Amino acid sequence: MNLPNSITVIRIILVPVFVLFILYHKLEISFAIFIAAAFTDALDGYLARTLKQKTKLGAFLDPIADKLLVGSAYFCFSLVNDLPQYVRMPIYVPLVVISRDVLILIGFMIINLLKGEIEVRPTILGKLTTFFQMLTIGALLTRYVHSNIIWNTMVALTIISGLDYLRIGAKKVNING
């Protein structure tokens, strides 16, 4: 396994540690782990490009690591009852985020079956959504009192980007012309 993929695996291993610290109300430590995970996300991508070590495994593992971190954080923030009120989010937030990701995955699998191997490129809307997903986690971990404004913006972007990916997928399979 090359260095970038090893770093991605470390990020995946950090997820349960991250969750444990949220569950034990050690949000400062969870925030430090979150920052480390964000750093390793940038680092593994940078190394894969500069060392010319992009692999199919890395392309597969990297988004999984991101989704595990985001999904587990959101479920913790919505299901753990004894967190401070301004750190708790309604259950619809992780459900919207996870539903979008599942729909994108299903769409990818359908397009892959119908059209063969396809190149996956995030859109500007998708990148903006990811930014707000991470910003939401950072706001909650730092106990930002107005986190609900950030997560509601993120939910709207998640829905809009999900519809945009649906539009793009429909074009790829020629449903809409």
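Numbers below:
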item	result
Top-ranked residue of region 55-73 - restricted to ones that are without any contact (Cβ under 8 Å) to a residue 40 or more places away in the chain and in contact with a helix residue (DSSP H, G or I) (Cβ under 7 Å, 6 or more places away or on another chain), ranked as farthest from LEU3 (Cα to Cα)	GLY71
TYR144, sole failed condition from (1) surrounded by 14 or more Cβ atoms within 10 Å (Cβ to Cβ); (2) part of a helix (DSSP H, G or I); (3) among the aromatic types (Phe, Trp, Tyr)	(2)
Check on PRO16, modelled with pLDDT of 95 or more and within 25 Å of PHE131 (Cβ to Cβ)	yes
Test: residue in region 86-108 that is within 24 Å of LEU166 (Cα to Cα), modelled with pLDDT under 90 and loosely packed, with under 14 Cβ neighbours inside 10 Å	yes
Output for region 131-155, where each listed residue is closer than 21 Å to PHE18 by Cα, among the hydrophobic types (A, V, I, L, M, F, W, C) and in contact (Cβ under 8 Å) with a residue 40 or more places away in the chain	MET134, ILE137, LEU140, LEU141, TRP151
Options ILE159, ILE111: the member that is in contact (Cβ under 8 Å) with a residue 60 or more places away in the chain, over 30 Å from ILE13 (Cβ atoms) and either of a type in the set (Ser, Thr, Tyr) or surrounded by 16 or more Cβ atoms within 10 Å (Cβ to Cβ) (or both)	ILE111
Where PHE131 falls short, out of the listed (1) exposed (fewer than 13 other Cβ atoms within 10 Å of the Cβ); (2) outside any helix (DSSP H, G or I)	(2)
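The values are calculated or read from the model by the stated rules, or taken from the named source; none is laboratory data. Since the structure is predicted, the reported quantities are computational estimates derived from the model, not experimental observations. No Cβ is skipped: glycine too gets one built from the backbone with ideal geometry, and neighbour counts run over all protein chains shown.
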